[in-house]
Amino acid sequence: MPVLVFTESANGTFKKSNFEAVSYGARIATQLNTEAYVIDFENLSDDVLKSLGDYGATKVYRVANEALKNFDAGLFAKVLNDVAKKLNAATVIFSFNYSGKAIAPVLAAKMNAGYVAGAIDIPVMEGRTMKIRKNVFSGKAIALYAIHSENKIIALTSNTVAPEKTENKCSVENLEITITATDSKVKVKEVVKASGKITLSDADIVVSAGRGLKGPENWGMVEEMANILGAATACSRPVADIHWRPHEEHVGQTGLTVRPNLYIALGISGAIQHLAGVNGSKVIVVINKDPEAPFFKAADYGIVGDVFEVVPKLNEAFKKFKAGA
Amino acid sequence: MKFLVCISKAPDTTTKIAFTDNNTKFNNDKVVFIVNPYDEWYALVRALELKEKLGGTVTVINVGAADTDAIIRKALAIGADDAVRIDAEPVDAMFVAKQIAEYVKENAYDIVLCGKETIDYNGSEVGGMIAGLLDWGFVSLASSLELNGNTATLNREIAGGHETVEVTIPFVLSAAKGMAEARIPNMRGIMAARTKPVAVVAPSASENYTSILSYELPNDKTGVKLVSADNVSELVALLHNEAKII
Ligand SMILES: Cc1cc2nc3c(=O)[nH]c(=O)nc-3n(C[C@H](O)[C@H](O)[C@H](O)COP(=O)(O)OP(=O)(O)OC[C@H]3O[C@@H](n4cnc5c(N)ncnc54)[C@H](O)[C@@H]3O)c2cc1C
């Protein structure tokens, strides 16, 4: 009973979160004495698909049906359920991202599977029970889950389990799945992507700013820092609420959860609801003029100072570092 | 149009999280519970707006014991017409989804709305599971919903942007920020909520697929290293040499 890993590239290229999911699936497969197969719905070349073998997949199945160009979580789950039956698979791995969050719960219902959404470590098997940790209470705690059912689905939180390279023994095969017109219920009419910008949920570095910036006209220096560092920009909730910044940038308990390697907070107080969305970051830098700002308690590095003085100087220092590096 | 809005009970966002019974149970002593913000602010309010515009009814449904009454009354005070409580402890997302799907099979609804996730277990699960169980269309992380006859147009968040999708009723959605603005209940709403009907329904049989064995708190940060505002290049050096992230 192979372990299946669902992958979705970013415009034809696989990225770190895909390697993480494949490597994770391969390590679970080893524990279960079986192999990890990738299921990919895009029409990608053999070479691109085969590259997933570097992370332990022994087979990649290409399910390239015209109908799958239209993202419909229900349709994708139906096809994955058919694939799982065909390959006699009981375990399916997703990345805990926009697509995974949409497809995995539908598939769980169709497969009668126990589902852990947002796992943060490699599962441990105890008989047929699988034990896995995941973040709960918006990052304020961790829970140890047990999946008791025969079929199991896990969506892996990005940047939590490092991918491991192995010798590539991977082959690529096509898999035909019958899709009828009534299988698809949701039709995509238009896709809008902000071009050139780094996606916040995938970013390694995030530069975030709060009400301390005083007004939307002052975001130039925030964007400049993001440009120098190759970072995405984010903001606190009130900043999005008063429309200084687009709401896609709002991070925190009621916004996006991010777990970058580096989170730089400029003029953000560090309210508990804000921290909930960012405290999974590896390193946190806080710049705030109030030495009592609660964010300093959650930070690794800090500067007590006025953002309007510190940030321009820091941008110069980052620029110098990048030029020398 | 008949709207069914799934509401969950969640600890207030300022709650200090702690556990009891050897870290196997959430300590709800002195915890204030609220309607899960995504359910209340976005799913419920958008359903009410569309009902006000197009006619129909808005029912809220909760799977929970009698102690969820307060949050059900809050949803009624904001404007829901009536409520259903499936009388059972919600053991996991699949259990909740099965209870709601069973109820929907017996009672005709056009659109089932959930919040995009609960702020306690953060799974983003129940909506998709209901759709899977009913074999209805599912739109996740929807940031807008418009109706034109039986056809709905929604925006949904995707990596690096958003997309517009179309689906015909019946379907399930999970609501994200942007769908509506939170409403504060007024005195009249609060008074009216007292007499609105709440049907208490016995749960249907369901097995448990997952359980939580124990909880732990994340490691605290060891303490912040402060750098002088006059010496910002030291921060750059620390990020490079010590943290090794730039
Ligand atoms: C139910 C609920 C959910 C919430 N969800 C979220 C959420 O998801 N995300 C979120 O962010 N918030 C959330 N909040 C709001 C949260 O409680 C805080 O109000 C918010 O995070 C504060 O944003 P801020 O830090 O930008 O602003 P403020 O609290 O106003 O802080 C501004 C900070 O900037 C500093 N500052 C001012 N001027 C300067 C300067 N010149 N130089 C340097 N520093 C300066 C100040 O010292 C202060 O610390 C939620 C609240 C509730 C009730």
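Quick notes on this one:
- Some residue of the range B:65-76 being within 18 Å of B:V167 (Cβ to Cβ) and surrounded by fewer than 20 Cβ atoms within 10 Å (Cβ to Cβ): no
- Qualifying residue in the range B:215-236 (condition: under 30 Å from B:A65 (Cα atoms), within 7 Å of chain A (Cβ to nearest Cβ) and of a type in the set (D, E, K, R)): yes
- The residues listed here are A:I272, A:I284, A:I303; of these, the one that is at pLDDT 95 or above, facing chain B (nearest Cβ under 10 Å) and closer than 18 Å to A:S138 by Cα is A:I284.
- Filtered residues of the range A:251-265 (kept if within 13 Å of the ligand (Cβ to nearest atom), within 8 Å of another protein chain (Cβ to nearest Cβ) and either surrounded by fewer than 24 Cβ atoms within 10 Å (Cβ to Cβ) or among the β-branched types (V, I, T) (or both)): A:Q253, A:T254, A:T257
- Residues in the range A:288-325 that are within 16 Å of the ligand (Cβ to nearest atom) and acidic (D, E): A:D290, A:E292, A:D306, A:E309.
- Qualifying residue in the range A:236-245 (condition: within 14 Å of the ligand (Cβ to nearest atom), surrounded by 24 or more Cβ atoms within 10 Å (Cβ to Cβ) and at pLDDT 95 or above): yes
- Matching residues in the range B:146-161 - criterion: being within 11 Å of B:A176 (Cβ to Cβ) and modelled with pLDDT of 95 or more: B:L154, B:N155, B:R156
- From A:G139, A:G127, A:G212, residue being of a type outside the set (V, I, T), within 30 Å of A:I28 (Cβ to Cβ) and within 16 Å of the ligand (Cβ to nearest atom): A:G139
- The residue that is surrounded by the most Cβ atoms within 10 Å (Cβ to Cβ), counting only those in the range B:185-211 that are free of Cβ contacts under 8 Å to residues at least 40 places away in the same chain and hydrophobic (A, V, I, L, M, F, W, C), is B:M191.
- Residues satisfying the stated conditions in the range B:1-31, i.e. closer than 30 Å to B:F171 by Cβ and more than 16 Å from the ligand (Cβ to nearest atom): B:M1, B:K2, B:F3, B:L4, B:V5, B:C6
- Output for the range B:144-166, where each listed residue is closer than 13 Å to B:L113 by Cβ and within 9 Å of chain A (Cβ to nearest Cβ): B:L154
- Annotation note: Cβ proximity below 9 Å between a residue of the range A:275-295 that is closer than 13 Å to A:A209 by Cβ and a residue that is among the basic types (K, R) and away from the ligand (no atom under 13 Å from the Cβ) (sequence gap 6+ or interchain) occurs for A:V278/A:R259.
- Criterion: of a type in the set (D, E, K, R) and crowded, with 20+ Cβ neighbours inside 10 Å - qualifying residue of A:K165, A:K134: A:K134
Residues are listed down the side, and each one gets a yes or a no for (1) hydrophobic (A, V, I, L, M, F, W, C); (2) more than 10 Å from A:L266 (Cβ to Cβ):
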| residue | (1), (2) |
| --- | --- |
| A:V207 | yes, no |
| A:K214 | no, yes |
| A:E217 | no, yes |
| A:V222 | yes, no |
| A:M225 | yes, no |
| A:L229 | yes, yes |
| A:A240 | yes, yes |
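The values are calculated or read from the model by the stated rules, or taken from the named source; none is laboratory data. Values in this document were obtained by computation on a predicted structure and should not be read as measured data. Note: ideal-geometry Cβ built from the backbone for every residue, glycine included; neighbour counts use all protein chains shown.
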